[in-house]
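To start, the structure under review is shown below, and the notes come after it.
The values are calculated or read from the model by the stated rules, or taken from the named source; none is laboratory data. What you see is a predicted model; the values in this text were computed from it and never measured. Cβ coordinates were reconstructed from backbone atoms using ideal geometry, including for glycine residues, and neighbour counts include every protein chain displayed.
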C-alpha cells in the first residue's frame, strides 16, 4: 500500500485511452463509453514490467526472501507419498561436449511445504505436472497466441506520456484473432506490440511480417516515423478463457 513512498517505478499515469478499428488506409475510433472495462485504463500506470519486477525483488529480499536469478528449475522433486517436495535447479558450467568445465556448479535441491510453479504459457515442469496429476482432465484444449513487442524512442514532438492505444482489424483478416497495443511511457519512448492468435488458417501468414505491415499504417506510422527501435522481444500467450484453464492445485503445490 505504501508503494509511492518506497519509490516503486510507476511513473507514467494513463492520460488517454484510444481504441481504433483499422482498415488498410484509415481507422475508426470506438467511443470510450462503448469500450469494455479491460480497455479503460483511468487510474492505471504504464510501466516497464522488468523495472517493476526488479523493484519487487528488492522488496522481497528485504523481507527475507531468497532469490536465485539465473538458476532455472530443471526437475520436480517428490515425497514418498507422491506429493511435490520442491525442485532441483540445473547444473551450471557444462561444456558443449556435455562434460563439466572449470565453471561447473552442481544444481541445488530446494524443498518447500508448498511449491508455486510460475513458468508462463507452456512451462516444461508445468506440462509434467499436468500429466502426473491429470490437471487437464475435463477442460478444453489450451490455445495460444504470439506477442511481439518493440521499444521505440520517438520524436519528442510526437510523444504523449500516458497515451494508450489499442487496435483491431488490419492487417489481419476478419477470421484471424489478434490486435495491437501502443503505450507512451516516459523518456520519449513508446512500447508497441502485436498479438496474433496461433489458430490462423492461412498457412502463409507470418505474425512477424504482419507486425511490420501494421507499423506502416498511417495511425501508427505517425508516431514511429523518425524514431528508432531500441529493443524487441516475443513471447507465447495463453488464450481460450476459463474453459481452457487446468485445475491449478495438486498435493504440495499449485500452478500460477
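Looking at the stretch 25-52, which of its residues are farther than 20 Å from residue 150 by Cα, touching a strand residue (DSSP E or B) at 6+ places or on another chain (Cβ under 9 Å) and in contact (Cβ under 8 Å) with a residue 24 or more places away in the chain?
27, 39, 41, 42, 43, 44, listed by residue number.
Residue check, residue 139 against (1) in contact with a strand residue (DSSP E or B) (Cβ under 8 Å, 6 or more places away or on another chain); (2) surrounded by 13 or more Cβ atoms within 10 Å (Cβ to Cβ); (3) on the phi < 0 side of the Ramachandran plot, all met but one. Which one?
Failing condition for residue 139: (1).
With the checklist (1) in contact (Cβ under 8 Å) with a residue 24 or more places away in the chain; (2) in a strand (DSSP E or B); (3) on the phi > 0 side of the Ramachandran plot in hand, flag the one item residue 74 doesn't pass.
All conditions are met except number (3).
Which ones in the stretch 54-88 are closer than 19 Å to residue 133 by Cβ and surrounded by fewer than 10 Cβ atoms within 10 Å (Cβ to Cβ)?
80, 81
Determine which member of the set 86, 82 is under 30 Å from residue 245 (Cα atoms) and either assigned to a loop (DSSP other than H, G, I, E, B) or touching a helix residue (DSSP H, G or I) at 6+ places or on another chain (Cβ under 9 Å) (or both).
82
Being without any contact (Cβ under 8 Å) to a residue 24 or more places away in the chain and either surrounded by 12 or more Cβ atoms within 10 Å (Cβ to Cβ) or assigned to a loop (DSSP other than H, G, I, E, B) (or both) is the filter here; which residues of the stretch 98-112 pass it?
98, 99, 100, 104, 105, 106
Taking the criterion of being modelled with pLDDT of 95 or more and touching a helix residue (DSSP H, G or I) at 6+ places or on another chain (Cβ under 7 Å), would at least one residue in the stretch 238-248 satisfy it?
Among the residues of the stretch 238-248, not one is modelled with pLDDT of 95 or more and touching a helix residue (DSSP H, G or I) at 6+ places or on another chain (Cβ under 7 Å), which makes the answer no.
Looking only at the stretch 211-230, which residues are in contact (Cβ under 8 Å) with a residue 12 or more places away in the chain, more than 22 Å from residue 121 (Cα to Cα) and out of contact with any helix residue (DSSP H, G or I) (no Cβ under 9 Å at 6 or more places or on another chain)?
Hits for the stretch 211-230 are 213, 217, 218, 219, 228, 229, 230.
Inspect all residues belonging to the stretch 179-192 and state whether any of them is in the same structural domain as residue 152 (by TED's automatic domain parsing), more than 23 Å from residue 157 (Cβ to Cβ), in contact (Cβ under 8 Å) with a residue 12 or more places away in the chain and within 19 Å of the chain's Cα centre (by Cα).
yes
Restricting attention to the stretch 214-221, does a residue exist that is on the phi > 0 side of the Ramachandran plot, surrounded by 15 or more Cβ atoms within 10 Å (Cβ to Cβ) and assigned to a loop (DSSP other than H, G, I, E, B)?
Within the stretch 214-221, not a single residue is on the phi > 0 side of the Ramachandran plot, surrounded by 15 or more Cβ atoms within 10 Å (Cβ to Cβ) and assigned to a loop (DSSP other than H, G, I, E, B).
Against the definition (more than 24 Å from residue 32 (Cβ to Cβ) and not in a helix (DSSP H, G or I)), how does residue 193 come out, yes or no?
For residue 193, the condition - more than 24 Å from residue 32 (Cβ to Cβ) and not in a helix (DSSP H, G or I) - is not met.
When you scan the stretch 36-43, do you find a residue that is closer than 24 Å to residue 222 by Cβ and part of a helix (DSSP H, G or I), even just one?
yes
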